[in-house]
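Structure, as structure tokens:
What follows is calculated from the coordinates using simple rules that are stated; it is not laboratory data. None of the values given here were measured: they were computed from a predicted structure. Methodologically, a virtual Cβ is constructed for each residue, glycine included, from the backbone with ideal geometry; neighbour enumeration extends over all protein chains shown.
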Amino acid sequence: MSLVTVTAAALVGALVLVVTVLRDGSTSATPSRVDPVQVTAPATEGTPGGPPPATPATPEPTTPARSADASRTPRPGSADRPGATRPGTRPPVVAHGPRTGNLVALTFDADMTDAMLGNLRAGRARSYANLRIVELLERDRVPATFFLTGKWVERYPELTRRLADNPRFELANHTYGHLAFTRDCYGLPRLPAERMTEDVARTFRLIEPYGGRQTRYFRFPGLCHDAAALAALAPLGLTVVDGDVVSGDPFATAWRPIVRAVLSKVRPGSIVVLHLTEENAAMTDEALPHILAGLRDRGLRPAPLSEVLAGG
Ligand SMILES: [Zn+2]
């Protein structure tokens, strides 16, 4: 199947899904417990909205160490990428793929806030990049999709490169600094409306030079969005990705509830929301082998998000 055909199928899948989501009456104005990353880290750290703390830092990866290949010359507009939609139109919101077939998408959010960077700098946190998850996915050749914040990419450029280099991994956008796009989003500090478009555009620009399987998929922090937030992203030509299986892995203290939450809800076409943020999701790597085994038992197969949305 040609790339064009695949992309067209993905777009058709996305449009069908929007209808499904609307018919369900499920909006994400009131998301279930997802991703309360900064609930325990109020904005007492540093100056909210001010410059990020001086982390050991990593300049913008304008020239990642890759050999010259097609990924070095991203096409203007990125119109052929999975999730790409016509700029100027309100982005579709998908929560899952077609309920036929046996594919499911494992998605991992890589959050990073100024408060989290402050925790790393002060030694209150060791890592927000769970290598055990990446190693397990690599070892078992499991496809996955990673929603990266720009600040996480800046903090972990080597791991970002490793993710981009894996042909089974897709890269997607989770904002620059994990600020809220609506009022009342798990206590996350709010991003001013006039900065929303540039925040997301900037994050695509940060991820893009790493090449690999780039997409135009985007996930809001906490899955919090409203009409104004969607309208702000219309110029960017993207697809908003929620999820229908919330694992509850942030701040979990045991792995069994995560496994139970996922396996009790997962179905063909599901998008499973997990976290790569180690210190804030410390049980996810322990849960993952059990989740993978449970998916196998149910005849479900992990696939990159674009393939799940295209219906396999
Ligand atoms: Zn998040």
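Once a ≥ b ≥ c are taken as the square roots of the eigenvalues of the Cα gyration tensor of segment 187-312, is the result rounded (a/c under 1.5), prolate (a/b larger than b/c) or oblate (a/b not larger than b/c)?
Working: a/c = 2.03, a/b = 1.55, b/c = 1.32.
Verdict is prolate for segment 187-312.
Peptides 142-154, 166-178 ranked from most to least packed, by the mean per-residue count of other Cβ atoms within 10 Å: 142-154, 166-178.
Given Cα positions, please report Rg to Rh for segment 108-207, the hydrodynamic radius being the Kirkwood one.
0.99
Counting alpha carbon pairs within less than 8 Å and at least 6 residues apart, what relative contact order, in whole percent, applies to segment 83-175? With pairs under 8 Å counted, the relative contact order is 30 percent. For segment 74-153, the calculated P(r) over all alpha carbon pairs, in 5 Å bins from 0 to the bin holding the longest distance, is 3, 10, 13, 16, 18, 17, 13, 7, 3, 0 percent.
For segment 181-259, rounded, prolate or oblate, judged on the Cα gyration tensor with a ≥ b ≥ c (square roots of eigenvalues), a/c < 1.5 rounded, else prolate if a/b > b/c? It is oblate, given that a/c is not under 1.5 and a/b is not larger than b/c.
Per residue, the Cα convex hull of segment 122-275 amounts to 140 Å³.
Using the alpha carbons alone, the radius of gyration of segment 222-272 stands to its Kirkwood radius in an Rg to Rh ratio of 1.12.
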